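The values are calculated or read from the model by the stated rules, or taken from the named source; none is laboratory data. In this text the structure is predicted, and so the values were computed from the model without any measurement. Here the Cβ positions follow ideal geometry from the backbone for every residue, glycine too, while neighbour counts run over all protein chains shown. The protein model used for the area step is the full one, side chains on, heavy atoms only, and it has no ligands, DNA or RNA in it. Shrake-Rupley method; radii C 1.70, N 1.55, O 1.52, S 1.80 Å.
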Amino acid sequence: MNPASTIEEAMATRRSCRAFLPTPVPRAQVERLLALASSSASNSNSQPWQVHVLTGAAKRALTADLLCAYDEGRRAVGEFAYQPAADSWPEPFRSRRRRFGEGLYSETLGLAADDTAGRSGHHRRNYDFFGAPVGLVLTVSRAPLQGALIDAGLFLQGLMLSARGAGLHTCAQASFIDYHPVLRRHLTIPDDHLVVCGIALGYADDDHRLGGYRTSREPVESFVTFYDSAAVTHQAEPV
Ligand SMILES: Cc1cc2nc3c(=O)[nH]c(=O)nc-3n(C[C@H](O)[C@H](O)[C@H](O)COP(=O)(O)O)c2cc1C
């Protein structure tokens, strides 16, 4: 379980967990994590998030309907999704995405690139929250959307790090957006809210072969520019 006791430890040990033990997480614990996550910053303290927490029969019923929709190819369109279609990612993100897929599907799960059924079988597990005992659905107000999505991201990170402090793991899951009509049938999501993602929450099954999968990161110098000297290149202002 190894709870993180510092922020650094929580950051370093957070990962997207895709195999959970059935060990239940008490409701009071979930409430405590959500209270911590709600201390996240938000634009003008607008707190535009709402969270739907599913356990037990409610989670099983949602999963059954989601899997049915998935198996029948009832992927929904129309709802805003922040994730572009697989073939429209520009570089360098396209390559990073491909690398992520290779690490997960080929190297960890041993599924060949043309094993569509095998890969679909793994993707399908998203809708069971990867076996986690707690499934959450995060939504935000549609207006003003851009700011709300940033706030939702901060809330999500707050929740994921707080979970580590309690020895729990998480996985953010944009895959739920594809079946938002099913979510809307099961949950009381206001019309003026958008589904941001699902979140699996529970204790990691470290013995599962997915338990060892880790992603890499670009080095700091690849995305940071430091400015120290006062030298500024003055360019003529346009008249
Ligand atoms: C907004 C968001 C949506 C995501 N959606 C999914 C998803 O639907 N299914 C999944 O298995 N992982 C999902 N992930 C996890 C990412 O693949 C993961 O964060 C990334 O590969 C980096 O790996 P790490 O979280 O283990 O460090 C999502 C992550 C974020 C932040």
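Things to note:
- Criterion violated by Ala172 - all others in (1) small (Gly, Ala, Ser); (2) out of contact with any Leu (no Cβ under 7 Å at 6 or more places or on another chain); (3) under 23 Å from Phe100 (Cα atoms) satisfied: (2)
- Number of positions in the stretch 108-132 that are in a loop (DSSP other than H, G, I, E, B) and more than 13 Å from the ligand (Cβ to nearest atom): 6
- For the stretch 133-177, a tally of residues being within 12 Å of the ligand (Cβ to nearest atom), more than 26 Å from Gly212 (Cα to Cα) and of a type in the set (Gly, Ala, Ser) returns 1.
- Subset of the stretch 125-153 that is touching a helix residue (DSSP H, G or I) at 6+ places or on another chain (Cβ under 7 Å) and small (Gly, Ala, Ser) - its residue that is nearest to Cys17 (Cα to Cα): Gly135
- Scanning the stretch 178-197 finds one or more residues that are touching a residue at least 24 places away in the same chain (Cβ under 8 Å) and either among the acidic types (Asp, Glu) or in contact with a Pro (Cβ under 6 Å, 6 or more places away or on another chain) (or both).
- From the options Thr170, Thr139, residue that is among the β-branched types (Val, Ile, Thr), assigned to a strand (DSSP E or B) and touching a Lys or Arg at 6+ places or on another chain (Cβ under 9 Å): Thr170
- Hits in the stretch 185-207 - residues which are in a loop (DSSP other than H, G, I, E, B), within 16 Å of the ligand (Cβ to nearest atom) and β-branched (Val, Ile, Thr): none
- Leading residue by the ranking (farthest from the chain's Cα centre (by Cα)) among those in the stretch 162-188 that are among the polar types (S, T, N, Q) and surrounded by fewer than 21 Cβ atoms within 10 Å (Cβ to Cβ): Thr188
- Comparison of Arg94, Arg74 shows that the only residue that is of a type in the set (D, E, K, R), farther than 23 Å from His169 by Cα and touching a residue at least 60 places away in the same chain (Cβ under 8 Å) is Arg74.
- Residues of the stretch 208-227 classified as open to solvent by 100 Å² or more (accessible area, probe 1.4 Å) and either in a helix (DSSP H, G or I) or at pLDDT below 95 (or both), total: 2
- Enumerated helices (runs of 4 or more DSSP H) restricted to the stretch 1-107, each holding at least 1 residues that are within 16 Å of the ligand (Cβ to nearest atom) and open to solvent by 90 Å² or more (accessible area, probe 1.4 Å): 7-13, 93-101
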